[in-house]
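Colleague: Have a look at this one.
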Amino acid sequence: MDSNCVGRRADRPWRVGAAVAGAALVLGGCGSGADDGAAEPSPPASSAASASSRSAAASGAASAVASPSSSGTGGGTTALTPFEADPARVPRTGPQAEALAETVALEPQAWGAGFRSQRPAASAPGTVAVLDERCRWERRALPGSVLASLSRYSRLPGTAGKGEIRVTAAVTVHATARDADEQLAVTLEEPLRCREQEVRAGERISGLMSTATPYGQGNNTYADDQVVEIGSYVTGGGEQSYFWYVTRLGTVTLAVSVKGAAGYSNAELNQYASNATATMLDRVEFTLGGKS
């Protein structure tokens, strides 16, 4: 590994955070301002303005999808990409993809000191998260375009003056880079279809807004594409900030969600999500070899 590569990886958390902060500012322009440098989730009342913003972002993402995706981890084209994997290491079978997902998905301790597993600690094997027709999240059997998917659920227990943060780290390995690219396009458009989404009984996400940052735009020098969603995490105990990053590197998509809690600023929540994304990107690159 050359010194330039080491330098790029060392400042990756900063770059991820900067890119997401920029995305948050775009989304924040559609709603209320923030008091700590990141946009607060906006209420549904701003749907007309936010829909316009998201439509513009979707148009940009659609143009990227319309052209062949980069071959960083198996797409087979010559488009620009931040990473080119060793073709021999790119998963082609279910077991190979499952091994990659197991390696990349963050365990509780990788989130930071004090994090523990939720119950359940991980998703059911052979399933993938899907937002159904009634805007409810559920696990379904893997489609033909997905080789493997794994979600790990962690939490940071509350302490004096602070509530409990809940986080998810998910890895999905697709059959082709185009399949992975299409997942990003769907992710970008889902808040248009479902401004409010049910995570499970008694838990929902509302006021969702999303934007995309393809490679080479903004501060995105680390992934083929990234979609950021912000909104409000609503339970019987109240409403907190919610962040969801979905990042693509070749055939692999990485998803990180952070559900806020009392006593935490948006900047702190964003830092957890940025660090988690950067760590999983590093794991993908290390496992698949190649060059960046």
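Colleague: Quickly run through the range 169-183 and pick out the residues that are part of a helix (DSSP H, G or I) and in contact with a Ser or Thr (Cβ under 7 Å, 6 or more places away or on another chain).
Modeller: If the condition is that a residue be part of a helix (DSSP H, G or I) and in contact with a Ser or Thr (Cβ under 7 Å, 6 or more places away or on another chain), then A177, R178, D179, A180, D181, Q183 are the ones that fit.
Colleague: Here's something else I'd like to know. Please tell me if G126 is out of contact with any Phe, Trp or Tyr (no Cβ under 9 Å at 6 or more places or on another chain), modelled with pLDDT of 95 or more, open to solvent by less than 50 Å² (accessible area, probe 1.4 Å) and not hydroxyl-bearing (S, T, Y).
Modeller: yes
Colleague: Hey, another quick one. Among what's in the range 184-211 and is part of a strand (DSSP E or B) and open to solvent by less than 20 Å² (accessible area, probe 1.4 Å), pick the residue that is farthest from E239 (Cα to Cα).
Modeller: That would be T211.
Colleague: Mind checking which residues of the range 86-99 are touching a helix residue (DSSP H, G or I) at 6+ places or on another chain (Cβ under 6 Å) and in a helix (DSSP H, G or I)?
Modeller: Correct list: R89 only.
Colleague: Report yes if some residue within the range 156-168 is under 19 Å from P120 (Cα atoms), open to solvent by less than 40 Å² (accessible area, probe 1.4 Å) and not in a strand (DSSP E or B); otherwise report no.
Modeller: yes
Colleague: Now for a different question. Looking at (1) over 18 Å from A129 (Cα atoms); (2) open to solvent by 10 Å² or more (accessible area, probe 1.4 Å); (3) at pLDDT below 95, which one does N220 not meet, given that it meets all the others?
Modeller: (2)
Colleague: Something else: Just the residues that are assigned to a helix (DSSP H, G or I) and more than 15 Å from the chain's Cα centre (by Cα), please, taken from the range 265-282.
Modeller: Selection gives N266, A267, E268.
Residue-wise test of (1) touching a residue at least 12 places away in the same chain (Cβ under 8 Å); (2) closer than 27 Å to G112 by Cβ; (3) more than 17 Å from the chain's Cα centre (by Cα).
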| position | (1), (2), (3) |
| --- | --- |
| V130 | no, no, no |
| G161 | yes, yes, yes |
| V167 | yes, yes, no |
| V171 | yes, yes, no |
| H174 | yes, no, no |
| A177 | yes, no, no |
| E189 | yes, no, no |
| L192 | yes, no, yes |
| E203 | yes, yes, yes |
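The values are calculated or read from the model by the stated rules, or taken from the named source; none is laboratory data. No experiment lies behind these values; they were computed from the predicted model shown. Reconstructed Cβ throughout: ideal geometry from the backbone, glycine too, with neighbour counts over all protein chains shown. All accessible areas refer to the heavy atoms of the entire protein, side chains included, with ligands and DNA or RNA removed. Shrake-Rupley method; radii C 1.70, N 1.55, O 1.52, S 1.80 Å.
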